[in-house]
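The structure appears below as structure tokens.
The values are calculated or read from the model by the stated rules, or taken from the named source; none is laboratory data. The structure displayed is predicted, hence computed values, not measured ones. Note: ideal-geometry Cβ built from the backbone for every residue, glycine included; neighbour counts use all protein chains shown. Just the protein is used for accessible areas: all its heavy atoms, side chains included, with ligands, DNA and RNA removed. Shrake-Rupley method; radii C 1.70, N 1.55, O 1.52, S 1.80 Å.
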Amino acid sequence: MRYNTDTRKLTLTATLAAVYVVFRAVPIDQLIGINGTITAAGMIAPIIGILLEPAYGMVAVFTGTMVASLFPWNPIKFAGLDFLPGALNVTLVSLAVRGRRTEATLMFLITTALFIINPYTSIFVGSGLLSPPIPYLWMHLAALIVLVSPLTKNLATSMTSHHYASLIRPVAVLAFTGTMLEHLTGGILFATVVGKGALKFWSVIFVVYPIERTILVIGATLIGAALLSLLRPTVVEKSLGTVKLAATSPIKYVSEPDD
């Protein structure tokens with residue numbers, strides 16, 4: 001029944017929002033150029049994207065971000081738009097795992113374009129590092145290549161395994177592409193809020209962000225693979241069933257009503 005399906009989705013959304021609050025309350029590094037911290041929220045994002053459709057995932061992230069902002073060490077920093085980086089991370093994961101790679105790629109490309117055209121972002125930082133010009137977005141471009149590569153094909157099928165080791169690769173792919181879109185979005189917010197003052201920080205961020213993103217990807221991969229292997233007999237089974245149907249026959253999935 002549709003009522004039962006909607007109730008399950010809402011319950012799962014509320015549960016994952018609460019989990020997101022917990023991870024967002026855990027700082028892993030200080031932000032550069034602005035007060036605040038980078039949190040462990042990105043480590044749970046792949047699970048939210050896998051288990052929830054894009055709209056529900058965004059609701060979970062928005063709710064979790066607003067609740068977590070009540071912690072004194074984690075206030076709102078970007079004029080109320082702090083949820084956007086995490087929301088786009090979860091949305092990209094949700095689209096990619098459901099076989100909607102074109103939409104995920106367009107979202108990544110549009111966000112990249114918005115970063116490039118922002119007057120307070122830097123495209124090349126090499127001159128500030130006493131070296132030839134180096135693209136600030138080198139790691140983001142690598143994530144885009146992964147997103148359009150065969151690595152993101154049939155992700156739902158890859159994640160049907162019960163074995164933890166078999167889940168590592170698909171979760172790592174989703175975690176990497178998602179976290180780089182999240183970082184890109186955060187960069188746009190940073191440039192917009194700080195303005196011209198942001199220009200002096202990009203060289204420093206360029207050096208630090210690959211380390212931060214690597215930590216987040218490793219954490220997300222280990223935690224995500226573990227949760228998928230543990231939750232599959234209960235929550236994940238239904239979610240992956242829906243994902244596999246959408247990935248193999250998206251038109252049928254949209255047109256058919258729930259049982």
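Let's see how each residue does on (1) touching a Pro at 6+ places or on another chain (Cβ under 9 Å); (2) under 13 Å from Gly187 (Cβ atoms):
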| position | (1), (2) |
| --- | --- |
| Val67 | no, no |
| Phe71 | no, no |
| Gly80 | no, no |
| Gly99 | yes, no |
| Thr102 | no, no |
| Phe108 | no, no |
| Leu114 | no, yes |
| Asn118 | no, yes |
| Ile123 | yes, yes |
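For Ala104, are the conditions met, namely being among the aliphatic types (A, V, I, L, M), crowded, with 23+ Cβ neighbours inside 10 Å and over 20 Å from Thr15 (Cβ atoms)? The answer is yes for Ala104. The residue pairs whose first member lies in segment 143-157 and is under 18 Å from Tyr209 (Cβ atoms) and outside any loop (DSSP other than H, G, I, E, B), whose second member is open to solvent by 70 Å² or more (accessible area, probe 1.4 Å) and hydrophobic (A, V, I, L, M, F, W, C), and whose beta carbons are closer than 8 Å, counting only pairs six or more residues apart or on different chains, are Leu144/Leu109. Taking every residue in segment 29-50 that is within 15 Å of Leu216 (Cβ to Cβ) and pairing it with any residue that is open to solvent by less than 10 Å² (accessible area, probe 1.4 Å) and acidic (Asp, Glu), at least 6 positions away or on another chain, yields no pair with a Cβ-Cβ distance below 8 Å. Of all residues assigned to segment 34-43, at least one qualifies as being farther than 22 Å from Leu227 by Cβ, open to solvent by 30 Å² or more (accessible area, probe 1.4 Å) and touching a Pro at 6+ places or on another chain (Cβ under 9 Å). Would you mind finding the one in Gly241, Gly197 that is over 25 Å from Phe83 (Cβ atoms), surrounded by fewer than 17 Cβ atoms within 10 Å (Cβ to Cβ) and modelled with pLDDT under 95? One residue alone meets the criteria, Gly241.
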